[in-house]
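Heads up: the structure comes next, in structure tokens.
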Amino acid sequence: EYTLREGKQLARILSVGGRHLVKLHGRAITDSDRVLTKSEYDHHYVEGEAREAVEALFSRTLLFMGCQLTVDRTLAVMRDLVTAKGHDQLPRHYAFLASPDSTTEKNARRDELLACNVYPIWFPQNTHNESIEAFLYKLKSEGQNDK
């Protein structure tokens, strides 16, 4: 489990392979790693190592859980990278998201995410925990079959 504090180390850690849990905005129990306020965002994303960390993370397939991926500096960095390098030069990423109420909203949201190479995995409203648990269980059992 890593946070942005280890941003410079992430490229090295990720190059080894394997699966990693990265908490982009830190842990709630410590104020040294968490990012909540505008000044904390500015410190990490303008003056700090967060951009490097996001770029290192973006080189591997990501699965976003427990975040809305709306107005977010992480997405801005991801969108910049896709614009600079092209969709086909970067891995696809996935996100568990509650399905918007209307098809129009869902399509607009999908297009915003695809601009960042993020492909949504929609689940019905108010079924977040059950949907993610079922999906992760399926991934685990598929992974065991690959051995």
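Somewhere in the range 87-100, is a residue open to solvent by 100 Å² or more (accessible area, probe 1.4 Å), more than 27 Å from residue 18 (Cβ to Cβ) and modelled with pLDDT of 85 or more?
No, that holds for no residue.
Residue by residue through the range 54-86, note down the ones that are open to solvent by less than 80 Å² (accessible area, probe 1.4 Å) and of a type in the set (Gly, Ala, Ser).
56, 59, 66, 76, 86
When you go through 107, 117 one by one, which is the residue that is within 17 Å of the chain's Cα centre (by Cα) and open to solvent by less than 80 Å² (accessible area, probe 1.4 Å)?
Criteria check complete, one pass: 117.
Restricting to the range 56-102, what's the tally of residues that are outside any strand (DSSP E or B), touching a strand residue (DSSP E or B) at 6+ places or on another chain (Cβ under 8 Å), aliphatic (A, V, I, L, M) and closer than 24 Å to residue 123 by Cα?
Final tally of qualifying residues: 5.
The values are calculated or read from the model by the stated rules, or taken from the named source; none is laboratory data. Everything quoted here is computed from the prediction, not taken from an experiment. Note that each Cβ is placed from the backbone with ideal geometry, even for glycine, and that neighbours are counted across all protein chains shown. Side chains included, ligands, DNA and RNA excluded: accessible areas come from the protein's heavy atoms. Shrake-Rupley method; radii C 1.70, N 1.55, O 1.52, S 1.80 Å.
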